[in-house]
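What follows is a single structure, written as structure tokens, with notes after it.
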Amino acid sequence: MAAARKKKKSVCKKILIAEIIVLIAVGLVALYVLVLNKTPAFEFIGRFLSPVEGSESIKDRRVESNKPFTLTKNQKYYNSLTGPDNINVLIIGTDVDGTNYDTLLLVSIDEENNLVRLINIPRDIYVDYSDEVLDRLKKAFPKYTSSKGIFKINAAHTIGRLIEYNKGAGRFQKPEFDFTCDIIEEVFGVYIDDYVYMKPSSFVRIVDYFGGVDIEVPYRMKYNDPL
């Protein structure tokens, strides 16, 4: 009976933490929309909030994608994820080492219908890169092209950084973020207005604040991985 209560308590904590994470994500984007539509405007790019001159709306700041070449072999998702007039912010969460983007959460704001949609982009989605991308990657880092993991979307930023995508002249001025957002635009047809970069340490502090999470694992987790 005590074990059942403990398990139920653990599940409740997990649900609470998940809800908190979603609320934080929505809150960040809500802040983003509010401050960018008022004077003075703020530029919410990556890890910083920095004041800039002007009070242009988010949509007025949109620019045509200046991809130097096609990124995939005509890979297209069959359905539209968002409306053409939605404001889209990509929330990026890295793994502990910061090497993979294990969380890609698309927050799409539909102002007309007063809706906010959270769309999770699975980290293991296969990306069929174009020959141009693979050739540039092979020149920059030959050993990396033999790794099967590079074809997962959570490794897109690494490719963007290695090939020095767009020479850092994209809309975010950072090759890794420009490449990731352009991949999403090309495959899913979603224009990314901005992104929020979050580290695991932020979530650790939130979990610890609420007393942590007790996880009961009835099995010994030490084993030899055949892969």
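Only the coordinates and a few stated rules stand behind these numbers; no lab work does. Worth saying up front: this structure is predicted, and the values here are computed from it rather than measured. Please note: Cβ atoms are built from the backbone with ideal geometry, for glycine as well, and neighbour counts cover all protein chains shown.
How charged is the neighbourhood of I119? Take every other residue with its Cβ under 15 Å from the Cβ of I119, and add Lys/Arg as +1 and Asp/Glu as -1.
My count for the surroundings of I119 gives -1.
Please report the net charge: other residues with Cβ closer than 10 Å to the Cβ of T82, K and R +1, D and E -1.
Neighbour charge sum, excluding T82 itself: -1.
Can you pull out the GluC sites (Glu not before Pro) in region 149-191 whose DSSP state is coil and whose Cβ has at most 14 other Cβ atoms within 10 Å?
E164
Taking θ as phi - 60°, what are the ³J(HN,Hα) couplings along region 212-225 by the Karplus curve (6.51, -1.76, 1.60), each to the nearest whole Hz, with x for Gly and Pro?
Rounded to whole hertz, the list is x, 10, 8, 10, 8, 10, x, 10, 6, 8, 9, 7, 8, 7.
So how much slack lies between E164 and F151, counting 0.36 nm per residue of separation and subtracting their Cα-Cα distance, in nm?
2.9 nm
Which order, highest average first, do 110-120, 79-89 follow once you tally other Cβ atoms within 10 Å for each residue and take the mean per peptide?
Packing order, densest peptide first, comes out as 79-89, 110-120.
Each label point is 7 Å from the Cα along the Cα-to-Cβ direction; what then is the distance between the points at K76 and N113, in nm?
That separation, rounded to one decimal, is 2.3 nm.
Collect residues whose amide H, placed 1.01 Å from N in the peptide plane, falls under 5 Å from the amide H of T72; neighbours closer than 5 in sequence don't count.
S130
Extension gain S201-Y219, at 0.36 nm per residue separation less the Cα-Cα distance, in nm?
3.8 nm
What net charge do the residues around G93 carry, taking every other residue with its C-beta under 12 Å from that of G93, with Lys and Arg at +1 and Asp and Glu at -1?
Neighbourhood net charge equals 0.
Sort region 135-207 into rounded, prolate or oblate with this rule: let a ≥ b ≥ c be the square roots of the eigenvalues of the Cα gyration tensor; rounded if a/c is under 1.5, and if a/c is not under 1.5, prolate when a/b is larger than b/c, oblate otherwise.
In terms of gyration-tensor shape, oblate.
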